[in-house]
Amino acid sequence: MRHFDLLIIGAGSGNSVIGPEHDDWDIAIAEHGLFGGTCLNVGCIPSKMFVYAAEVAELTADSERLGIRTSFDGVDWPGVRDRIFGRIDPIAASGLDYRQDLANITVYTDTARFVGTRTVAVGSETITADRVVVATGARPAVPDVPGLADCGYHTSDTIMRLDALPERLLVLGGGYIAAELGSVMGAFGSQVTFVLRGDTFLRREDDEIRERFTEAYSRRFDVRFNTRLLAARLNGAEVVLEVQDDGGNRADLRADELLVATGRIPNGDRLEVAAGGIGTDRDGYVVTDDQLRTTVEGVWALGDVTNPVQLKHVANHEARVVRHNLSHPEDPARVDHRFVPHAVFGHPQVASVGLTERDCRERSLPYRSHVQPFSSAAYGWAMEDTESAVKVIAHAETRRLLGAHIIGPQASTLIQQLIQGMHFDLTVDQMARQQYYIHPALPEVVEQALLEL
């Protein structure tokens, strides 16, 4: 039985835990999949490369309103796909090669599972370690529906590597993965039908934002709200979904491909963390404290396996905390999850940080909110944008920003200055008045929104 100073399970953000300060440690990495994890291989990076190409397609198809005569004449799907993964796949391979070439690191490419305290079976070998970092991520959740397993569905893990763009695509779900990937396929020319259990997309967003987003997608796509999936089957090359709406009406929806995007679940169960004494919550997430220690001494956890927000920038922050704490147990760092932003790279784009107006009401907080349209700023006016907006919410007494929510072009960039303002505890008055906003740039709409508070 081989013993290590450190064992890292998962080579996504977990791979970045290792630094020069660990050069004299004997380290093991267990990763049965591709180095780089979800973000690099099947998540953030490839999906946003598709999103950017889809945005170009959308712009070419919608330029007439600006007096420009362009058109969208279709997409070379294999060309787009191969360009994207032709860049990504070598990175994953080189990451593995790099780690295997280091004298103090042993890489195990088999599936790992706990068999005791800081004791892990990897393939046919059992190894132990003084310190263990669990960073095994999450996987797509697939509903238990009759026939679904046999109908050849795709998830975010596989849909981006299709051999051909489907003429018709069914998307099951209304969250960010469904919204992003469905929008990409639609921009490229697929006829997309969304099937939602509820009456809105992005149900966790602020009401103003999700309603605007839902309206925009309802104009672009066939959306079946308040619809329950009863069964799935293959009919020749067609995927057929038997669905029922809230009025009890049943229908068959048909397409060439099906994307199941109904959420993600942590991989702690596959790792059998319970056998290692590691505690989980009722949803299966590994329980950690603010130093990212688990319930077992010498075991840390980070990323999607422990944090239900499941965001790469959160996992990266947590990896930095764990890296510090491995080497400096006498002076531990703690996670700071006060202002965790997120973005949805759909069309339109959405970004959010902090509380929604709904949250404020539920917490009985005294607040003021304001919605500022992009069209009120010179650049938004130049874009002929009549639908995008910035929503800001401030505490009525302290004047601190409680939340910010943006829908429209470059929302994920525009929100960054508000995140920083919240982090540095500025009032909305300080954010609005004690800095310059470049005229006539789009950030002026953020300035205007803050001034209205």
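Here are the numbers for the structure shown:
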{"item": "Debye intensity ratio in log₁₀ form over the Cα atoms of segment 148-262, taken at each q of 0.11, 0.17, 0.23 Å⁻¹", "result": "-0.32, -0.79, -1.39"}
{"item": "Packing rank of 319-328, 264-273, 107-116, where each peptide gets the mean count of other beta carbons within 10 Å, highest leading", "result": "264-273, 319-328, 107-116"}
{"item": "Rg [Å, one decimal], Dmax [Å, integer] - segment 222-377, C-alpha atoms", "result": "21.9, 64"}
{"item": "Overall dimensions of segment 348-452 as given by Cα atoms, namely Rg and Dmax in Å", "result": "13.0, 40"}
{"item": "Full-extension gain in nm, residue 291 to residue 399, via 0.36 nm per residue minus C-alpha separation", "result": "35.8 nm"}
{"item": "Label-zone membership for segment 398-418, site residue 334, 7 angstrom Cα→C-beta point, backbone N under 11 Å", "result": "none"}
{"item": "Gained length - residue 150 relative to residue 249, 0.36 nm times residue gap less alpha-carbon distance", "result": "33.2 nm"}
{"item": "Rounded FRET efficiency, nearest 0.05, which uses the C-beta distance separating residue 21 from residue 424 and R0 of 30 Å", "result": "0.55"}
{"item": "Distance (nanometres) between label positions extended 7 Å along Cα→Cβ at residue 269 and residue 2", "result": "3.1 nm"}
{"item": "Segment 189-200 - phi-based ³J(HN,Hα) in whole Hz, Karplus 6.51/-1.76/1.60, Gly and Pro as x", "result": "x, 6, 8, 9, 10, 9, 10, 10, 6, x, 10, 7"}
{"item": "Karplus 3J(HN,Hα) series, Hz, for segment 45-54 with 6.51 cos²θ - 1.76 cosθ + 1.60 (x for Gly, Pro)", "result": "5, x, 5, 6, 5, 5, 4, 4, 4, 5"}
{"item": "5 angstrom amide H check on residue 194, placed H, neighbours 5+ away", "result": "171, 222, 223, 224"}
{"item": "Integer Hz, Karplus 6.51/-1.76/1.60 couplings in order for segment 243-252, x for Gly and Pro", "result": "10, 9, 8, 6, x, x, 7, 9, 7, 9"}
{"item": "CD proxy at 222 nm, helix term only [per DSSP H run n ≥ 4: -39500 (n - 2.57); per residue of the chain; nearest 500]", "result": "-8500 deg cm²/dmol"}
{"item": "Residue order, fewest to most surrounding Cβ atoms within 10 angstrom, among 136, 306", "result": "306, 136"}
{"item": "Unmatched cysteines, the chain - criterion: no other Cβ of a Cys under 4.7 angstrom", "result": "151, 360"}
{"item": "Mean separation of Cα contacts under 8 Å (6+ apart) over length of the chain, as relative contact order %", "result": "14 percent"}
{"item": "Ordering of 121-129, 61-69 by packing [mean C-beta count within 10 Å, highest first]", "result": "121-129, 61-69"}
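Coordinate-derived values only; no laboratory data. Note that the coordinates shown come from a computational prediction; the quantities given were computed from them, not determined experimentally. Positions of Cβ are backbone-derived with ideal geometry, glycine not excepted, and every protein chain shown enters the neighbour counts.
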